[in-house]
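A.B. asks: Supplied in structure tokens, the structure appears directly below.
The values are calculated or read from the model by the stated rules, or taken from the named source; none is laboratory data. In this text the structure is predicted, and so the values were computed from the model without any measurement. Note: ideal-geometry Cβ built from the backbone for every residue, glycine included; neighbour counts use all protein chains shown.
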Amino acid sequence: MTYGHPLKFGTFLTPVNSAPQQVVALAKHSEDLGYDLVTFQDHPYQSAFLDTWTLMTWVAANTQRIHIAPNVINLPLRLPSVLARSAASLDLLSGGRFDMAIGSGVFWDAIAAMGGRRLEPGASVDALSEAIDILRQVWNPADRSHLRIDGKYYQVNGMKRGPQPAHTIPIWIGAIKPRMLRLVGRKGDGWLPSLGYVKPNEFGAANQIIDEAARQAGRDPREITRMVNIGGQFSPVRGGFLNGPSAQWVDDLLPLVVNDGVSTFILMADDPRAMETFATEVAPALRTAASQALTSA
């Protein structure tokens with residue numbers, strides 16, 4: 001199965017503040033290695049982490065080509081109307097290099113401790129759905145009317161729209177359970193889970209939920225990019241999934257491309273050597289293997 005998107009690769013970095021320039025150096029290293037995307041956790045309640053928005057802006061100013069995204073933005077602590085303006089501003093400043101990955105929220109005790117509103121799982125999905133509508137409406141200044149949305153969780157009462165981003169900012173949704181997967185199908189530009197939360201043999205069923213929801217919403221499922229955060233261990237001896245030499249990583253990831261339509265792999269690693277091995281050995285070999293497999297299918 002393929003959804004028609006080219007293979008892309010990214011990194012997922014930890015924004016520790018004990019050595020603030022370290023994560024910036026890793027982001028620049030990601031660009032130097034040819035990665036398409038660099039992403040950062042967004043956990044504002046973590047006192048050991050840099051603020052993700054500030055970090056992304058700094059990284060954008062210190063890179064030239066690579067796209068930048070949160071992975072994933074913590075919506076309960078980010079007001080959607082302000083988030084929309086922040087995203088558009090960073091996209092303009094970076095020359096169209098900002099992408100949006102967003103989630104409904106986790107770690108509710110920590111969110112509440114910072115003053116965020118605690119929501120039940122179903123309510124948090126509905127709140128995310130409202131937020132996505134606000135983001136897209138703010139990014140549409142061609143509509144000269146003032147924005148008014150009277151949602152259950154978010155209200156906008158006559159806000160001026162804009163600015164328009166430098167490019168169409170995709171909205172990728174971090175989703176695991178069926179209700180969130182259906183939201184991906186209805187409103188998302190991409191699905192971004194993490195291995196460990198979604199097992200390789202669960203992608204097919206999840207794709208079916210997304211695709212059916214997309215069709216019911218009048219969308220083509222091919223509009224939705226399938227992505228995944230991955231982590232593992234490089235070693236000379238083959239072991240478990242993503243635990244072995246580069247060739248094994250290619251063997252392990254290839255079915256996700258060919259059978260499940262995954263087209264973006266984001267490496268969760270803060271080790272420069274792992275980043276280098278993946279970029280120079282795994283990514284090109286996976287690209288070749290996927291092209292051969294899909295051509296012969």
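A.B. asks: Could you check segment 236-264 and list, in sequence order, the residues that are among the small types (Gly, Ala, Ser) and surrounded by fewer than 18 Cβ atoms within 10 Å (Cβ to Cβ)?
C.D. replies: Listed by number, the residues that qualify are GLY239, GLY240, SER246, ALA247.
A.B. asks: Can you name the condition, by its number, that TRP108 falls short on among (1) under 29 Å from VAL257 (Cα atoms); (2) at pLDDT below 95?
C.D. replies: In the conditions (1) under 29 Å from VAL257 (Cα atoms); (2) at pLDDT below 95, TRP108 misses (1) alone.
A.B. asks: Inspect segment 53-62 for any residue being part of a loop (DSSP other than H, G, I, E, B), free of Cβ contacts under 8 Å to residues at least 60 places away in the same chain and more than 18 Å from the chain's Cα centre (by Cα) and give the result as yes or no. I'd like the intermediate steps shown before the answer.
C.D. replies: Narrowing segment 53-62 to residues part of a loop (DSSP other than H, G, I, E, B): 62.
After this cut, where a residue has to be free of Cβ contacts under 8 Å to residues at least 60 places away in the same chain as well, the list is 62.
Next cut, more than 18 Å from the chain's Cα centre (by Cα) only: 62.
Yes - at least one qualifying residue is present in segment 53-62.
A.B. asks: Follow-up question, since we're still on this one. Which residues, counting only those in segment 120-131, are surrounded by 20 or more Cβ atoms within 10 Å (Cβ to Cβ) and outside any helix (DSSP H, G or I)?
C.D. replies: none
A.B. asks: Another one. Of the numbered conditions (1) of a type in the set (Val, Ile, Thr); (2) without any contact (Cβ under 8 Å) to a residue 40 or more places away in the chain; (3) in contact with a Lys or Arg (Cβ under 8 Å, 6 or more places away or on another chain), VAL228 fails exactly one; give the number of that condition.
C.D. replies: All conditions pass for VAL228, except number (3).
A.B. asks: Looking at (1) touching a helix residue (DSSP H, G or I) at 6+ places or on another chain (Cβ under 6 Å); (2) part of a helix (DSSP H, G or I), which is the one condition that is false for GLU276?
C.D. replies: (1)
A.B. asks: How many residues does segment 232-269 hold that are touching a strand residue (DSSP E or B) at 6+ places or on another chain (Cβ under 6 Å), part of a loop (DSSP other than H, G, I, E, B) and touching a residue at least 60 places away in the same chain (Cβ under 8 Å)?
C.D. replies: So the count comes out to 1.
A.B. asks: Would you point out the residue of segment 153-198, among those that are touching a residue at least 40 places away in the same chain (Cβ under 8 Å) and of a type in the set (Ser, Thr, Tyr), that is surrounded by the fewest Cβ atoms within 10 Å (Cβ to Cβ)?
C.D. replies: Looking at residues that are touching a residue at least 40 places away in the same chain (Cβ under 8 Å) and of a type in the set (Ser, Thr, Tyr), I get TYR154.
For every residue, the table says whether it meets (1) within 16 Å of ILE134 (Cβ to Cβ); (2) acidic (Asp, Glu); (3) at pLDDT below 95; (4) more than 17 Å from the chain's Cα centre (by Cα).
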site	(1), (2), (3), (4)
ALA48	no, no, no, yes
ILE68	no, no, no, no
ASN71	no, no, no, no
LEU75	yes, no, no, no
SER81	yes, no, no, yes
ASP91	no, yes, no, no
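A.B. asks: Condition first: within 23 Å of MET56 (Cβ to Cβ) and β-branched (Val, Ile, Thr). Can you find one or more residues in segment 143-163 that meet it?
C.D. replies: no
A.B. asks: Can you pull out every residue in segment 208-225 that is in contact (Cβ under 8 Å) with a residue 60 or more places away in the chain and either in a loop (DSSP other than H, G, I, E, B) or of a type in the set (A, V, I, L, M) (or both)? Reasoning before the result, please.
C.D. replies: First pass over segment 208-225, keeping only residues in contact (Cβ under 8 Å) with a residue 60 or more places away in the chain: 221-222, 224-225.
Across segment 208-225, the qualifying residue is only ILE224.
A.B. asks: Next question. Yes or no: segment 17-29 includes at least one residue that is of a type in the set (A, V, I, L, M), surrounded by fewer than 21 Cβ atoms within 10 Å (Cβ to Cβ), part of a loop (DSSP other than H, G, I, E, B) and free of Cβ contacts under 8 Å to residues at least 12 places away in the same chain.
C.D. replies: yes
A.B. asks: Turning to a different aspect of this structure: Which residues, taken from segment 75-93, are touching a strand residue (DSSP E or B) at 6+ places or on another chain (Cβ under 7 Å), crowded, with 22+ Cβ neighbours inside 10 Å and not hydrophobic (A, V, I, L, M, F, W, C)?
C.D. replies: Matches in segment 75-93: ASP91 only.
A.B. asks: Of the residues ARG226, ARG215, which is exposed (fewer than 14 other Cβ atoms within 10 Å of the Cβ), among the charged types (D, E, K, R) and closer than 24 Å to ILE102 by Cα? Give the steps one after another, and end with the answer.
C.D. replies: Details: ARG226 fails: exposed (fewer than 14 other Cβ atoms within 10 Å of the Cβ).
It is ARG215.
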